[in-house]
Amino acid sequence: MPQKETMTMKPGRYNAKITAHELGESSNGNPQMAVEFEITDGPEAGQKITWWGHFTAAAAPYTKEKMQTCAPSWDGRDIDTFAPEGNSVSINVKEETYNGEAKLKVAFIDPIGGGGLAAAKKLEPAKA
């Protein structure tokens, strides 16, 4: 399933469809979810990138939230019913340096048209 991607995409926001997912285990022995996205428009159309969500105590709520974005009808309880294939989302791809090597990663998963700017609380300019 998810494999190392060879791509020419650059950091940015892309519309993508979900082509595959897989429950697995990280090199540390922690459960993780992989979701593969295929870019659907622009010059990067057809390129694939994988998001990795982890089920550690700290990361599990974020992973579950992103899984529900990928499969809005998923009840969030039974991982066997998680079926996001064919759904479309907006992904934000960022460059991250790990062990001295720059790599692209899916940083955010949002509904199509989502992921714009959003402050936790709007502040009037006079109070800034």
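The values are calculated or read from the model by the stated rules, or taken from the named source; none is laboratory data. This one's a predicted model, so the numbers in the text were calculated from it and none came from an experiment. For neighbour counting, all protein chains shown are included, and Cβ atoms are generated from backbone atoms with ideal geometry for every residue, glycine included. Heads up: the accessible areas ignore ligands, DNA and RNA and are worked out on the full protein's heavy atoms, side chains in. Shrake-Rupley method; radii C 1.70, N 1.55, O 1.52, S 1.80 Å.
Checked against (1) modelled with pLDDT of 95 or more; (2) open to solvent by 50 Å² or more (accessible area, probe 1.4 Å), Y14 passes all but a single condition, namely (2). Of the candidates S73, S88, the single residue that is without any contact (Cβ under 8 Å) to a residue 60 or more places away in the chain and either crowded, with 16+ Cβ neighbours inside 10 Å or out of contact with any Gly (no Cβ under 8 Å at 6 or more places or on another chain) (or both) is S73. Test I109 against the criterion of being of a type outside the set (S, T, N, Q), surrounded by 13 or more Cβ atoms within 10 Å (Cβ to Cβ), closer than 13 Å to K17 by Cα and touching a strand residue (DSSP E or B) at 6+ places or on another chain (Cβ under 9 Å), and give yes or no. Yes.
With the condition kept exactly as written, say whether any residue in the range 45-54 is touching an Asp or Glu at 6+ places or on another chain (Cβ under 6 Å), open to solvent by less than 30 Å² (accessible area, probe 1.4 Å) and either aliphatic (A, V, I, L, M) or modelled with pLDDT of 95 or more (or both). Checked against the condition, which is being touching an Asp or Glu at 6+ places or on another chain (Cβ under 6 Å), open to solvent by less than 30 Å² (accessible area, probe 1.4 Å) and either aliphatic (A, V, I, L, M) or modelled with pLDDT of 95 or more (or both), the range 45-54 yields at least one hit.
For the range 66-94, the set of residues classified as farther than 15 Å from G114 by Cβ and among the charged types (D, E, K, R) consists of D75, R77, D78, D80, E85, K94, listed by residue number.
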